1. Residues Ile338, Ile328: which one is hydrophobic (A, V, I, L, M, F, W, C) and closer than 19 Å to Phe301 by Cα?
2. Check whether at least one residue in the stretch 2-14 is more than 30 Å from Ala285 (Cα to Cα), in the same structural domain as Thr82 (by TED's automatic domain parsing) and in a loop (DSSP other than H, G, I, E, B), and report yes or no.
3. Please indicate, with yes or no, whether at least one residue in the stretch 311-330 is in a helix (DSSP H, G or I) and either in contact (Cβ under 8 Å) with a residue 40 or more places away in the chain or in the same structural domain as Ser115 (by TED's automatic domain parsing) (or both).
4. Output the residues belonging to the stretch 282-300 that are surrounded by 14 or more Cβ atoms within 10 Å (Cβ to Cβ) and either aromatic (Phe, Trp, Tyr) or in a helix (DSSP H, G or I) (or both).
5. Mind checking which residues of the stretch 24-40 are surrounded by 20 or more Cβ atoms within 10 Å (Cβ to Cβ) and either closer than 16 Å to Cys190 by Cβ or under 24 Å from the mean Cα position of the chain (by Cα) (or both)?
6. Pick out the one residue from Val117, Val111 that is outside any loop (DSSP other than H, G, I, E, B) and farther than 16 Å from Leu43 by Cα.
7. Considering only the stretch 301-335, state which residues are hydroxyl-bearing (Ser, Thr, Tyr) and surrounded by 14 or more Cβ atoms within 10 Å (Cβ to Cβ).
8. Testing Gly247 on (1) assigned to a loop (DSSP other than H, G, I, E, B); (2) more than 17 Å from the chain's Cα centre (by Cα); (3) touching a residue at least 24 places away in the same chain (Cβ under 8 Å), one condition comes back false. Which one is that?
Amino acid sequence: MAIGQVTVSNVNRMQGGFTEVERQFLYIGAGAAGASEDALLALNGDSDLDALLGETTSELKTQLEAARSNAGQNWQAYAINTTGTWTDALDMALEQPNNLEPEAVVVTTPVVDSSEVNAAYTAAMDSLARYARFLTIHLCVSGIDLAMEETWAQYTARIKPIINGVAGNRVSVTPQLHGNNLGVVTGRLCNRSVSIADSPMRVRTGPLVGLGEKPVDIDGNPLTMAHLTDLAQSRFSVPQTYAGYNGTYWADHMMLDNDGGDFQVYENLRILDYCARRVRKLAIAKIADRALNSTPKSIAFHQTYFARPLREASRGVVIGGEPFPAMIRAPEEGDVVINWVSRTEVEIYIQAAPFECPKKIGVYLMLDLTRGLEG
């Protein structure tokens, strides 16, 4: 070479932070006529819902008010007062130039048959295929209708066929028993005092806030835990109470997964979606990067590289001697496996291990009548 040259390049090692998608829900439904119709609204705890969605009561505003009350500090959400179908509104939102990526979509218009539930699962999978969005869809069914002169038995017989036989692990259905149940539970899922790995069943989070009036059937019989247990066993997401314990809480937020599936409860799916969103971006950065190859050194390095979301999700703390667990257990050897299919195709297998969670506690008391007899 006739002359010397110096080239200095900045190397991006993909070590920066990820934009937080979790706890950011998109609410779609009917608001007041003429109030911000078909516009994507960004909301937080300071938003004036009357100004944005109209002063009159509407299904959309009712659920948003309940969600904000139960989400607590730093609540953020999006909303669309749609005049068309919610699926068209969702497409409009995801096609926005601001690259909107919500964790979940909350549809405030009650569904009335299983075809609508199946359509929601289709929309979730289409969003993954078209926009690479790992979405869940949270639907509702109407509460008991006294105009139909329903008893509780007639009510449950009316709504159970809506989800019977439906398989869709990205869809949940909440009965609007108190009028705002869907907003209450989705707000509780966004509460930042706990992690996304926590079930809304968690009593220590506190009771539900602003739940509507306790319903009765046409005979004046109140809603009981027997009715709620029956609905929960049918895969509906419902509130619950504990005898002799003040306050109303929530049961598991059930997803429409099959028996034996990993995603029958929402927190399991949230953990994997958290990892999936981050791993996808790490994987895109490795396209055509020859540093990722089949040599032992490269495989060892990239097992650590792709385990980064697992490590970040596994950082717990201990305060005053009490452990506060992370979302998942720390990754171990074998949790990331790299398999080369051909010279140009590689498969990455990643597993995340959540912690145990006590949802059924048995306490057994007994006497020890032998003490004091020694000697």
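The values are calculated or read from the model by the stated rules, or taken from the named source; none is laboratory data. Remember, predicted model here, so these are calculated numbers, not experimental data. Please note: Cβ atoms are built from the backbone with ideal geometry, for glycine as well, and neighbour counts cover all protein chains shown.
1. Details: Ile328 fails: closer than 19 Å to Phe301 by Cα.
Testing whether each residue is hydrophobic (A, V, I, L, M, F, W, C) and closer than 19 Å to Phe301 by Cα leaves just Ile338.
2. Of the residues in the stretch 2-14, the ones more than 30 Å from Ala285 (Cα to Cα) are 2-4.
Those still in the list that are in the same structural domain as Thr82 (by TED's automatic domain parsing) too: none.
There is no residue in the stretch 2-14 that is more than 30 Å from Ala285 (Cα to Cα), in the same structural domain as Thr82 (by TED's automatic domain parsing) and in a loop (DSSP other than H, G, I, E, B).
3. Within the stretch 311-330, the subset in a helix (DSSP H, G or I) is 311-313.
Imposing the further condition that a residue be either in contact (Cβ under 8 Å) with a residue 40 or more places away in the chain or in the same structural domain as Ser115 (by TED's automatic domain parsing) (or both) reduces the set to 313.
Yes, the stretch 311-330 contains a residue that is in a helix (DSSP H, G or I) and either in contact (Cβ under 8 Å) with a residue 40 or more places away in the chain or in the same structural domain as Ser115 (by TED's automatic domain parsing) (or both).
4. Leu282, Ala283, Ser298, Ile299
5. So in the stretch 24-40, the residues surrounded by 20 or more Cβ atoms within 10 Å (Cβ to Cβ) come out as 25-29, 31, 35.
Phe25, Leu26, Tyr27, Ile28, Gly29, Gly31 - these are the residues of the stretch 24-40 that are surrounded by 20 or more Cβ atoms within 10 Å (Cβ to Cβ) and either closer than 16 Å to Cys190 by Cβ or under 24 Å from the mean Cα position of the chain (by Cα) (or both).
6. Values: Val111 fails: outside any loop (DSSP other than H, G, I, E, B).
Matching residue, one of Val117, Val111: Val117.
7. Here is the first cut: in the stretch 301-335, the residues hydroxyl-bearing (Ser, Thr, Tyr) are 304-305, 314.
Correct list: Tyr305, Ser314.
8. Exception for Gly247: condition (1).
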